1. Looking at Thr153, Thr212 in this structure, which one is modelled with pLDDT under 90 and under 24 Å from Asn262 (Cβ atoms)?
2. I need the full set of residues from the stretch 236-266 which are outside any strand (DSSP E or B) and surrounded by fewer than 17 Cβ atoms within 10 Å (Cβ to Cβ), in order please.
3. Out of curiosity, is Leu20 farther than 30 Å from Ala163 by Cα, at pLDDT 75 or above and not β-branched (Val, Ile, Thr)?
4. Has the stretch 147-157 got at least one residue that is closer than 30 Å to Lys108 by Cβ and surrounded by fewer than 18 Cβ atoms within 10 Å (Cβ to Cβ)?
5. For the list (1) under 29 Å from Ala224 (Cβ atoms); (2) part of a helix (DSSP H, G or I); (3) modelled with pLDDT under 85, I need the number of the one condition that Asn34 fails.
6. Please go through the stretch 161-179 and give me each residue that is modelled with pLDDT of 95 or more and either acidic (Asp, Glu) or closer than 23 Å to Lys108 by Cβ (or both), ordered by number.
7. Of the residues Asn188, Asn139, which is farther than 22 Å from Asn64 by Cβ, modelled with pLDDT under 95 and among the polar types (S, T, N, Q)?
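The values are calculated or read from the model by the stated rules, or taken from the named source; none is laboratory data. This structure is a prediction, so every number in the text was calculated from the model and none was measured. We place every Cβ from the backbone using ideal geometry, glycine too, and count neighbours over all the protein chains shown.
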Amino acid sequence: MNNLVLTYTLLFILVLVVVLGMVFLFITFNNRKNQLLQQQLEDQLAAQKKQYESELNALRSQLNPHFVHNSLNAIQYYIQRNEVEISEDYLTKFSKLMRLFFDYSRTKTITLKEEIAFIKKYLDIEKLRFEDKIEYYINIDKSLDTTDLNIPTMMIQPILENAVNHGIFHKTSTGTIEVDFKTTKEDNQYQIVIKDDGIGINKTKKHNRNTTGTAKAHSSAVIAERLDILNDSGDWNISFSIHDRSDIDDGTGTIVQLTIQNLSEL
């Protein structure tokens, strides 16, 4: 009887050891599997972010060649007219803008203050090119800390370029661009509203149907593609809307609104 009890006891202990061993192996295997899956996901995320950064670097570097070409032609025009002061001023401003462009194209973000300074330089050059037939106004909410808030590099300039070349360019009178920087109730979020009194989207589309519209399509495609990549990266939440002013009020021109939130700093 004692031998039978001992046998059953040993058998129970053996079964218990086997079960515990299997449980231990299962937990170890499961943990290892989870670690491998987590590492795989982290590697995929890192590769995806690297791809995003590579694509964004390429998009940031796509300063419209027409702008460079037009600026150089304008400088040459003033030189040929022997307007030395204007041509020197133009060349100095153009050189400073190009230097900023090359500096900023190597970084993912800049402060709002830096972006505002950049677009001022850009619009000053466009004013010279159009012989002061462009006026611009930049309005900033007093409660907006432009030194603390960041923005993806080269975000506003392509939109302004569209406003100049496809809106105001077709006007016979002086055109106006207004850029408003506004606060919102959300953390690390702000709005940018860009208004022009050009011919508007509806007339621009009609005009482009009669021409190739290649430059406009390229610029708009770059903006849309970049916004998609930024939103997919998980670091930014950016909404974009564009309206013809005639659809909203009695005015003419275009209104573009950007709502930007930096998710990486929340």
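1. After applying the criteria, what remains is Thr153.
2. Within the stretch 236-266, Ser246, Asp247, Ile248, Asp249, Asp250, Gly251, Leu263, Ser264, Glu265, Leu266 meet the criteria.
3. Working: farther than 30 Å from Ala163 by Cα: yes; at pLDDT 75 or above: yes; not β-branched (Val, Ile, Thr): yes.
Yes; evaluated as a whole, the condition is true for this residue.
4. Yes, because at least one residue in the stretch 147-157 is closer than 30 Å to Lys108 by Cβ and surrounded by fewer than 18 Cβ atoms within 10 Å (Cβ to Cβ).
5. (1)
6. Those that are modelled with pLDDT of 95 or more and either acidic (Asp, Glu) or closer than 23 Å to Lys108 by Cβ (or both): Glu178, Val179.
7. Asn188
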